[in-house]
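The values are calculated or read from the model by the stated rules, or taken from the named source; none is laboratory data. Bear in mind the structure is a predicted one, so any value in this text is a computation, not a measurement. For neighbour counting, all protein chains shown are included, and Cβ atoms are generated from backbone atoms with ideal geometry for every residue, glycine included. Just so you know, the surface numbers come from the protein's heavy atoms only, side chains and all, with ligands and any DNA or RNA stripped out. Shrake-Rupley method; radii C 1.70, N 1.55, O 1.52, S 1.80 Å.
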Amino acid sequence: MSDPNVSAIRPHSQRRLRVRAMTVTAMLSAIAFVLMFLDFSVPFMPSFVQMDISELPALLAAFALGPVYGLVVCLVKNLIHLMVTSTAGAGELCNFLLGASFVVPAGLIYRKLKSRGGALLGVALGAVIMGVFSIPLNYYITYPIYSNFMPIDTIIGMYQAIRPSANGLLECLITFNAPFTLFKGLVDAALCFLIYKPLSPLLHKGL
């Protein structure tokens, strides 16, 4: 026979854990939103493509709390950023979908393989998926929306200013965007490995 006192405590404990997880998620979402503003150009990409590390908090959430929480961080930071968007939401949609394709596989693999090796495998696979996914996402969704503000020929011309032999949007995305997105994921992964252990007590406190 079950102890009624234990049964009474268990729902309260579960509620406390959920509240704690939501609090950590909200904190990481706010940090991710701020990091979106700390973007910068890189020499091997057109100036309108910016580097940032705003997927880092989502990756921390995916490892500490689970892949769903990492997905929520990606969603919330972009929903908030819609208030200051300059891309009619195209940039936010792209950022969310790419971030999700990175942190969710990483979180799922780490949940199955709770080890440093599992984390390495997760971020490596997530970064590759994000890099590959960036090609169809940009080709069929993001850049067609951008073309309402800047002609595709102008966009391609900005790539050709870096590599004159670049021919057509698809080639530009394969040559430039996919490696850049992969590199971005690996940078986030490296930073995560540097700070995850020191932050782990804070991220897991009460969980």
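At the residue level, Tyr110 shows approximately 40 square angstrom of accessible surface with a 1.4 angstrom probe and all protein chains present.
Ordering 36-45, 180-189, 152-161 by mean Cβ neighbour count within 10 Å, with the highest value first, yields 180-189, 152-161, 36-45. Remark: the chain carries 52 Å² of accessible area per residue (probe radius 1.4 Å; ligands, DNA and RNA excluded).
Computed extension length for Arg20-Val42: 4.1 nm, one decimal, from 0.36 nm per residue of separation with the Cα-Cα distance subtracted. Dividing the Cα radius of gyration by the Kirkwood radius, what Rg/Rh value follows for segment 135-178? Rg/Rh: 0.94.
With the simple model of a label 7 Å out from the Cα in the direction of the Cβ, Tyr140 to Met27 spans 4.0 nm. What the Cβ-Cβ distance of Met83 and His204 gives, at R0 = 35 Å and to the nearest 0.05, is a FRET efficiency of 0.65. Taking label positions 7 Å along the Cα-Cβ direction at both Ser147 and Thr175, the computed distance is 1.9 nm, reported to one decimal. Accessible area of Phe33 (1.4 Å probe, protein heavy atoms only, ligands and nucleic acids ignored): about 40 Å². For the Cα trace of the chain, dividing Rg by the Kirkwood Rh returns an Rg/Rh value of 1.07. Take each peptide in 111-120, 65-74, count the other Cβ atoms within 10 Å of every residue, and average; sorted highest first, the result is 65-74, 111-120. The share of accessible area on segment 104-145 that comes from carbon and sulfur is 73 percent, using a 1.4 angstrom probe. Between Phe193 and Ser165, the distance separating the two model label sites (each 7 Å from Cα on the Cα→Cβ line) works out to 3.3 nm.
Its relative contact order, with pairs defined as Cα atoms under 8 Å and 6+ residues apart, puts segment 120-207 at 43 percent.
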